[in-house]
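Working notes, beginning with the structure itself.
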Amino acid sequence: MHVCLVEYEEENGKPVPPQFAYAHDGRLLSACNLHLDASWGYDGVDGDPATAARLQDLLTAAGLPDHERARGEVHRIALGVVERFFGLSLPKAPIVEGTLPAVVLEPA
């Protein structure tokens with residue numbers, strides 16, 4: 001089973017960066033905050049060493065982290081890299097404006 005988590009915690013009162021995690025069959029392949037700074041427990045990409053290193057290389061090639069850019073721009077670029085790397089399609093409107101299901105089951 002593949003699990004992709006994108007978490008925005010806007011009601012915290014603190015500047016919590018969006019969190020991303022991707023797991024397959026119970027094994028964490030990668031996790032990072034989308035500001036790609038050392039805040040909130042992540043300093044780069046964590047997870048499976050080979051997968052995390054490849055994702056980190058792609059983020060670096062995209063010019064991240066870039067502390068001069070606005071945080072929103074940084075996490076948009078990071079999310080684009082994540083989408084392409086894992087072959088995801090993360091539609092903006094439902095994520096930003098709607099309610100997403102906690103679990104989606106598909107027949108094998």
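The values are calculated or read from the model by the stated rules, or taken from the named source; none is laboratory data. Please read these numbers as outputs of a predicted model, since none were measured by experiment. Counting neighbours? That spans all protein chains shown, and the Cβs are built from the backbone with ideal geometry, glycine included.
The set of residues in the stretch 45-89 that are over 18 Å from Cys4 (Cα atoms) and part of a loop (DSSP other than H, G, I, E, B) comprises Ala62, Gly63, Leu64, Pro65, Asp66, His67, Glu68, Arg69, Ala70.
Of all the numbered requirements in (1) assigned to a loop (DSSP other than H, G, I, E, B); (2) surrounded by 11 or more Cβ atoms within 10 Å (Cβ to Cβ); (3) at pLDDT 85 or above, Leu29 misses one, and that requirement is (1).
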